[in-house]
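The values are calculated or read from the model by the stated rules, or taken from the named source; none is laboratory data. The shown structure was predicted, so the numbers you read here are calculated from the model rather than taken from an experiment. Here the Cβ is made from the backbone with ideal geometry for all residues, glycine too, and neighbour counts use every protein chain on show. We work out accessible area using only protein heavy atoms, side chains counted, and drop any ligands, DNA or RNA first. Shrake-Rupley method; radii C 1.70, N 1.55, O 1.52, S 1.80 Å.
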Amino acid sequence: MKKLIIALGLALATTLIPACSAPQPRNTGVYMLIDTSGTYAKEVEQAQKIINVVLSRLEPEDAFAVARIDTGSFSERDIIAKIQFDDRPSVTNQEKRRFKEIVDKFLGSVDPSPYTDITGGVLQASEFLSEKATGRKIILIFSDLKEDLKPGYIRNIPLPLKGVDVIALNVTKLMSDNIDPREYAKRINDWKRRVELGGGDWRVINDLENLDGVWRPMS
């Protein structure tokens with residue numbers, strides 16, 4: 001009987017002690033996709049401005065990657081630069097300068113891509129952010145959101161975006177959009193639907209003067 005009382009007491013004590021969970025990471029991971037097809041290859045200056053803003057806001061231990069949207073974007077080879085910054089601010093500042101040099105050099109001589117595999121790029125971005133396990137995960141898409149796949153490529157698949165903020169930037173209107181504005185709205189709504197079905201949050205920022213909106217939590 002005495003053993004039973006002791007066992008019951010231990011069980012009760014266990015239920016009263018709050019479970020201690022590991023602290024959640026507070027750093028941020030950003031993956032930026034840059035459309036290099038057609039007229040977007042001429043928009044690199046805008047892309048560079050966005051990258052500079054992102055670099056200025058990231059802190060030690062944050063992660064950042066910049067990749068091009070190419071014919072087949074689900075590939076490490078399309079990542080222009082990637083890094084998880086050091087925990088020392090002085091080292092982080094040096095890493096940011098080097099990161100900017102690498103990206104600027106690439107964008108200064110980029111060749112237009114014949115196809116636009118946005119889905120593959122988003123899948124690659126999701127994989128990168130998952131591996132970094134940052135507290136907040138952001139995918140930036142610098143594109144008109146018009147996907148043009150090479151024959152044979154399969155991209156009608158779910159997007160694993162739980163807990164990811166997906167933000168489309170500078171979604172310019174195509175010539176066909178001027179003829180039928182519904183095409184523009186449909187592209188945006190289709191991507192919104194795909195992102196939200198994958199568990200992510202969706203936002204569009206066309207005025208690049210409002211890039212602070214990137215850092216506002218969506219929920």
* Structure fact -> Once amide hydrogens are built 1.01 Å from N within the peptide plane, the residues lying 5 or more places from SER37 or on another chain with amide H under 5 Å from its amide H are SER113
* Structure fact -> For LYS96, LYS186, LYS42, the accessible-area ranking with a 1.4 Å probe, largest leading, is LYS42, LYS186, LYS96
* To do: Only Lys, Arg, Asp and Glu count, each charged at its Cβ (+1, +1, -1, -1), so figure out the dipole size of segment 108-219 about its Cα centre, rounded to 20 debye.
  => 380 debye
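In percent, how large is the relative contact order of segment 50-186, given Cα pairs closer than 8 Å and 6 or more residues apart?
On the way: 163 pairs, mean separation 30.9, N = 137.
Result for segment 50-186 is 23 percent.
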* Asked: Can you give me the Cα centroid spacing of segment 137-161 and segment 65-93 in angstrom?
  -> 18 Å
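Measure off, as a whole percent, the carbon and sulfur share of the 1.4 Å-probe accessible area of the chain, all protein chains present. Present the calculation step by step, with values, prior to reporting the outcome.
Details: 6780 of 12490 Å².
Result for the chain: 54 percent of the exposed heavy-atom area is carbon or sulfur.
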* **Distance histogram for segment 125-219 (every C-alpha pair counted, 5 angstrom bins, percent rounded to whole numbers)** => 3, 12, 21, 23, 21, 14, 6, 2, 0
* Asked: Mind listing the phi-derived Karplus ³J(HN,Hα) values for segment 119-128, rounded to whole Hz, using 6.51, -1.76 and 1.60 with θ = phi - 60°, and x for any glycine or proline?
  -> 4, x, x, 5, 5, 5, 5, 4, 5, 4
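Would you mind getting the accessible area per residue of the chain, heavy atoms of the protein chains only, 1.4 Å probe, in Å²? Walk me through the numbers on the way to the answer.
Working: 12490 Å² over 219 residues.
With all protein chains present, the chain gives 57 Å² per residue.
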